[in-house]
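Asker: Before anything else, here's the structure in question.
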Amino acid sequence: MPRLLRSRAHHGSSASRAARWPCTLLLVVLLFSATAEASDRRRQFPEKRIKPGTRGDCSARVLVNLVPPDSTYAPPVGGHLAVLQGPAREPRPLLVSFRPDDAAGTPSPDPGSGLTSLSRDLGRAPASLLLFPAPAVTAPLLWRSSYVCQPEEEPGGGLFGFVRAVAPAAETLLVKAIEPSDQSTAAHLDWLGSACGESVAVTEVANRFDLEALISPDWPDQLPVLCPEPLPAR
């Protein structure tokens, strides 16, 4: 009888393992699928870390999200983000916003529309580097940086003559899975963080972030590193 009980127990254990196997396999497939989808989204994201320029001093002003050239970035836990602001006769306020990425292709809401998950006006500054804490990234986020320009500068008008007051944006996809290019960028951002309240050479910044072609004679030799109050947690 004990031998029979052991046989039955062994059979039950085997049956239990067999029943769990499809669930385990399904979980592995789902995890692999999610990872592959996130990787594909990263590869397909347009290179928009540099704000496109249009007419007007504000809209044409250089603005760059300091991330890898492919415009995607996985910040480390407790890491920072930074933007590079170019020279301007009359600096305008900088607006940064973060919203969940819609990989289905739905147009991103305007940063000033109130539809963003997190949005903040970081004030105005001359040519400079602005550093701030990265939000927690548990799922892909779309990070947009833009200047709040005077309405009369923006071309096009619209219904009843209203125009947008927000210039074109620099856009970056923030993701969770870290790649080698992210580690290099994080090291450069740590370098900037060590210079908060001081200045760094514009040539060094351009070299570290592959922006040599963007620097023109009207840029100052030194750029202040500004570190405002932390952004609230997402």
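The values are calculated or read from the model by the stated rules, or taken from the named source; none is laboratory data. Here the structure is a predicted model, which is why all the values come from computation and not from measurement. We place every Cβ from the backbone using ideal geometry, glycine too, and count neighbours over all the protein chains shown. Accessible surface is based on the protein model in full, side chains and every heavy atom, while ligands, DNA and RNA are left aside. Shrake-Rupley method; radii C 1.70, N 1.55, O 1.52, S 1.80 Å.
Asker: Take the residues in the stretch 180-226 that are of a type outside the set (Gly, Ala, Ser) and closer than 14 Å to Gly79 by Cβ; name whichever of them is most open to solvent (accessible area, probe 1.4 Å).
Answerer: Gln183
Asker: Would you check if Ala206 is modelled with pLDDT of 90 or more, small (Gly, Ala, Ser) and either in a helix (DSSP H, G or I) or within 13 Å of the chain's Cα centre (by Cα) (or both)?
Answerer: When the stated conditions are applied, Ala206 passes them.
Asker: Further question on the same structure: Look at Asp110 and say whether it is out of contact with any helix residue (DSSP H, G or I) (no Cβ under 9 Å at 6 or more places or on another chain), modelled with pLDDT under 90, open to solvent by 20 Å² or more (accessible area, probe 1.4 Å) and not hydrophobic (A, V, I, L, M, F, W, C).
Answerer: In short, yes.
Asker: So, one more: Out of (1) part of a loop (DSSP other than H, G, I, E, B); (2) at pLDDT 90 or above, the odd one out for Thr116 is which?
Answerer: Exception for Thr116: condition (2).
Asker: Here's a follow-up. Which residue pairs have Cβ atoms closer than 7 Å, lie 6 or more positions apart in sequence or on different chains, and pair a first residue in the stretch 74-90 that is under 19 Å from Leu226 (Cα atoms) and assigned to a strand (DSSP E or B) with a second residue that is open to solvent by 40 Å² or more (accessible area, probe 1.4 Å) and at pLDDT 95 or above?
Answerer: So the pair list comes out empty.
Asker: For the stretch 89-107, give me each residue that is at pLDDT below 90 and touching a Leu at 6+ places or on another chain (Cβ under 6 Å).
Answerer: Asp101
Asker: Going by the structure shown, is Pro69 at pLDDT 90 or above, buried (at least 22 other Cβ atoms within 10 Å of the Cβ) and in a loop (DSSP other than H, G, I, E, B)?
Answerer: Answer is no for this residue.
Asker: Consider Pro168 carefully, then state whether it is of a type outside the set (A, V, I, L, M), at pLDDT below 90 and either open to solvent by less than 60 Å² (accessible area, probe 1.4 Å) or under 12 Å from the mean Cα position of the chain (by Cα) (or both).
Answerer: yes
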